[in-house]
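Following: one structure in C-alpha cells, then a few remarks.
The values are calculated or read from the model by the stated rules, or taken from the named source; none is laboratory data. Computed from a predicted structure; not experimentally measured. Cβ coordinates were reconstructed from backbone atoms using ideal geometry, including for glycine residues, and neighbour counts include every protein chain displayed. We work out accessible area using only protein heavy atoms, side chains counted, and drop any ligands, DNA or RNA first. Shrake-Rupley method; radii C 1.70, N 1.55, O 1.52, S 1.80 Å.
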Amino acid sequence: MQHQITFLDTRGGSVRFSCRTEQAISRAAEEAGVLIRIACDNGGCGACQAEMQSGAIRYLAPISEKQRRDRRSGELRYELLCRAVPTEDTTFLIRRPWRRINRQPMSNLLAQLQN
Amino acid sequence: MALTRFGYASLQVMDVDAAARHYVDIVGLRETDRVDGKVYLQAKDNQDHHCIILNPSDSAGLESIGFKVNDPADLDNAAAAAEAAGANVTRIAANEIAGQGEGVQITLPSTHLLTLYYHADKIGYACGMENPDPVGSTETGGKVNHLDHCLISAENPAEVTEFLVKVLDFGQSERAMDPGGNMMISFLFCGNTMHDLALGPGPNGHLHHLAFMVDDRGDVVRGVDLLKEKGVPTFDYGLSRHGIGGVQTVYFHDPSGNRNEFFSGAYVTPGIPDRVPPITWTMDHLTRGAFYYENAVPETFFDETT
Ligand code: FES
Ligand SMILES: [Fe+2]
C-alpha cells in the first residue's frame, strides 16, 4: 500500500512522491531523489522536522516529544520524518530546504536496492 | 575547591532497553545496576558505580551532568560559592542517586543541572582488582576506556564559561570567538586533559555530545568499523580529526538521537586552572578547527542537539 507525500517549502516550491505504509518518509523521499536533512536518524535531534498540513502519520519507533514542539512557544508543531510513516496522503511544510538529486537509471536501481 | 573529574552524564531516553543495548554493545560499557526503571553503566577503566544513567523519558536529552570533588568539604564550599553567584542550589541525599553519596546540584546559567559529589560506590575495574590482565576484553563493543567529556549548548556560552571558571575553578584550554568578540565555543577542564566540559552555541539545557575515550587512532578506526557494521547512524563524516584539541574523532547517535563520540589523543593540560592562557580560534579558521581534514562544518553540526 502506498500514499502520496507532498513536500512544500517556504518559498512556494513543492515536490511529490509516493511512500509505502511501512517506510519512513525520509527514506521514500531519498528514493525519489529528494534529500532532506537527516542527522541522528533516530527521532531525537530534530533535523528532519516538518509541519504536517494535511493527512496523517504514525511513528515506527519512539520519537523525542521535545523535538515536536516549537522551542519558543512550546506548542506542538513538528513531525519527525525519519521515523514517520504515512497512514494516508499527507502534505508537509519542510523546515529546512531539501536537495534534489537527478538520478541516472543505474542510481535509481541502486537506491531501490538499498531501501 | 577542586573538581577532579567528569563523573557521569544522566541521559533521557525514549527506550531504556534499546539505549542500554547501545551503550553495552556499541560503546562497550558494563551495565552495573537497574533501580526504579533507570539503568546505570560504567566503562572498563573506572571503578565508580556509573558514568551513564539512563532515565526513561518522552524526549531525548540531558537530565544532569555529574562532577566529582576532591574533598567532602568542597561540596559546602561549592554550594556557598554558587549561591553567592546567584545560582539555584539544591542538596541531594546519599543514595538519592544510586551508588552515590550526598551531593550538591547547581543550576548553570544555561539551565543545565550540574551535580557535584564526593563518594561513589566502588565496583572495580572491568579487568578486576587483583592480578589483572592488562588487556581488556577484545569482544565488547567500542574499546572505550572512560567517559571523557561532554559538549553542552547554551544561548550565551561566555556567561556559562565565566560561571564555571570563577565559581567552580574550571580552566579554559581553547575557545572560538566570532568577529564581534563573542565567545561561541569554549573548552573547559578540571582534570588532566584539555576538555571535561565544553560549551557551544545552541538552546539552553541541550546536549551536543558525550565523548568516550579510546586508546589510540587504531581504536577510533575500529570504532567506525563497528558503527558501520552495526548500522549505527553516524555524523556526515566518518573518521576525522578536530583541529581544536587535535583529536581523532567519529560521531554517532544512540537510539534516542543523543550524540556520542569515540575519540583519542586529547593533550594533557599542564598547570593550574586560570594560569595557562587558552588557545583562540577565529571564525575564518573555525572550519579547520572543527574538522581539520574536511575544512568544513556541516550546518547539522551545531544545529542538532538533544
Ligand atoms: S534525523 Fe534526528 S530526529 Fe530525525
Ligand atoms: Fe568531543
Solvent-accessible surface (1.4 angstrom probe) belonging to B:D236, in square angstrom, nearest 10: 90 Å²
Occluded residues from the range A:30-46, i.e. those whose accessible area drops by 40 Å² or more once the chain is not alone (1.4 Å probe): A:R37, A:A39, A:C40, A:N42, A:C45
Projected label distance in nm at B:V35 and B:T4, using a 7 Å step from Cα toward the beta-carbon: 2.0 nm
Residues whose placed amide H lies under 5 Å from that of B:D33, excluding near-sequence neighbours: B:Y40
Mean ellipticity per residue at 222 nm, deg cm²/dmol - from DSSP H runs of n ≥ 4 across chain B, formula -39500 (n - 2.57): -4500 deg cm²/dmol
Accessible area of the protein assembly as shown belonging to carbon and sulfur atoms, whole % at 1.4 Å probe: 47 percent
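Computed on protein heavy atoms with a 1.4 Å probe, what is the summed buried accessible area for the chain pair A and B, in Å² to the nearest 100?
Values: alone 6860 and 12890 Å², together 18220 Å².
Between A and B, the summed buried area is about 1500 Å².
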Entries of B:K68/B:K143; A:K66/B:K38; B:K143/B:K230; A:K66/B:K228 with Cα pairs more than 18 Å apart: B:K68/B:K143; A:K66/B:K38; A:K66/B:K228
Other protein chain Cβ atoms within 10 Å, averaged over every residue that makes up A:61-70: 6
Total formal charge among the other residues, if their Cβ is under 13 angstrom from that of B:V160, Lys/Arg +1 and Asp/Glu -1: -1
Accessible area of A:R69 in the full protein assembly, 1.4 Å probe (Å², nearest 10): 100 Å²
GNM result for chain B, Cα springs below 10 Å: residue of B:L226, B:L151, B:L29 fluctuating most strongly: B:L226
Model label zone, A:R58; criterion: amide N under 13 Å from point 7 Å along Cα-to-beta-carbon; scope the range A:5-29: A:21-23
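Taking a probe of 1.4 Å, how large is the accessible area per residue of the range A:2-114, in Å²? Spell out each step's value before the answer.
Values: 5870 Å² over 113 residues.
Accessible area per residue: 52 Å².
What accessible area per residue comes out for chain B, rounded to a whole number of Å², with a 1.4 Å probe? Each step should come with its number before you reach the end.
Details: 12130 Å² over 306 residues.
Computed with neighbouring chains in place, this is 40 Å² per residue.
In deg cm²/dmol and to the nearest 500, what is the mean residue ellipticity at 222 nm of chain A if only DSSP H runs of at least 4 residues count, each as -39500 (n - 2.57), divided by the residue total?
-4000 deg cm²/dmol, from helical runs alone.
Any idea what the dipole of chain B comes to, in debye rounded to 20, about its Cα centre with Lys/Arg Cβ at +1 and Asp/Glu Cβ at -1? Could you put the intermediate results ahead of the total?
Values: 20 positive and 42 negative charges, 82 e Å.
Rounded to the nearest 20 debye, it is 400 debye.
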Computed accessible area, A:L80, all protein chains, 1.4 angstrom probe, square angstrom: 0 Å²
Amide hydrogen neighbours beyond the local backbone of B:H149, cut-off 5 Å, H modeled: B:A211
